[in-house]
1. Evaluate E = 1/(1 + (r/R0)^6) for residue 64 and residue 180, where r is the Cβ-Cβ distance and R0 equals 51 Å; express this FRET efficiency to the nearest 0.05.
2. Taking amide H positions as placed in the peptide plane 1.01 Å from N, state which residues far from residue 128 in sequence (5 or more) or on other chains have amide H under 5 Å from it.
3. Which far-off residues, 5 or more places away or on another chain, put their amide H under 5 Å from the one on residue 101, with H placed in the peptide plane?
4. Past the 28 Å Cα-Cα mark, which pairs from 23/200; 102/247; 22/102; 105/128?
5. Given H placed on each backbone N at 1.01 Å, which residues far from residue 206 in sequence or on other chains put an amide H within less than 5 Å of it?
6. Return the FRET efficiency for the residue pair residue 110, residue 273: r is the Cβ-Cβ distance, R0 is 41 Å, and the value is rounded to the nearest 0.05.
7. What's the long-distance tail for segment 125-179, i.e. % of Cα pairs beyond 14 Å?
8. Using 7 Å Cα-to-Cβ label points, what is the residue 73/residue 23 separation (nm, one decimal)?
Amino acid sequence: PRDVVHQALINELTSIRKANLKKKNVVLEKPISSDCNKGSANRISDQYSSHWGCGNTVATFTIDLVQPCSIEEIKINWWGWSKASVYSIYAADNAGSFTEVKTQKDEEVKGWFNHWSTIKGWSGKAYKLKMVMKNGKLDPWGYKQYFGIRQFQVFGFEHDHLVNVALNKPSTATAINDGNDSTVWEPTVDDSAVEIDLQKLTFAENVVVRKTGGSEGRILVEGGIGSEITSKDGSSGEVTFEKLINKALLKFDGEDFKVKEISILGRSYSVKEIFSIIIRKAYKNADYVKEDLLEYVKNFEFDY
């Protein structure tokens, strides 16, 4: 049956995604830059060299995480007693905008020499990390360095880069997903819903609706398989979920509003990936018949 097959694909894709999510040191071997002792900046996070040191009274380094990461813990192994008594840690979003997320007030410190600072993580995903250090202490060996780091470790999870899978895909409303906020769609009494054909089987994680004017109203998002995903109240909305869909149907309540843009962030799967999953499932579990699986995928209008 279609529902059984659909659930089989969801389970398999979910297990693949979870397998790719392994807690690790997400800054290891990532690009790093600093405004001090630039040639040795890689020593901050490489875990092999003796240390990175800086003789400036204020020091900054930035690490490009390459992929969006959720951070659970940061551990800093200081060099000698050259620890920053004041510091801030910033995280950048996908637009490159940095926000302060932690300071020295959030740390737990063990010891006083070659000691460790441990900082708990925060919610949300980071694309880059930046640390600004002040009020250091000259090293005990006469190198005239105020800050020294033996290891800078960041433990968390690396995630897929989410893209706007709805961008320029066929839709029942004009200018609704063209990536241009200056173009708008104005619903009518007889036409207050939008369907976007994603053309591929997609794990959608986030729907963002940007509206202007009008009254508050409900935004109902449904999947192309006919099941409700979630709903959102408000003049504009952002809905976070994880659902396997091939089409998105959005229904709007309220009056006298215009929709500037609808974005659906997620990850689409190619025909090759889907058939690989189907073949593995078909031969592993007798509950899923190969022909039913193949017929199910054919019902989605893939780009071949």
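1. 0.95
2. When sequence neighbours closer than 5 places are left aside, the close amide H contacts are 65, 92.
3. Sorted by chain and number, the residues that satisfy this are 89, 90, 91.
4. Too far apart for the 28 Å limit: 23/200; 102/247.
5. Close amide H contacts, sequence-distant or interchain: 241, 265.
6. 0.35
7. Looking at segment 125-179, the distances longer than 14 Å represent 74 percent of pairs.
8. The modelled label-to-label distance comes out at 0.6 nm.
The values are calculated or read from the model by the stated rules, or taken from the named source; none is laboratory data. In this text, all values refer to a predicted model and were calculated from it rather than measured experimentally. We place every Cβ from the backbone using ideal geometry, glycine too, and count neighbours over all the protein chains shown. Remember, those area values only see protein heavy atoms, side chains included, never the ligands or the DNA or RNA. Shrake-Rupley method; radii C 1.70, N 1.55, O 1.52, S 1.80 Å.
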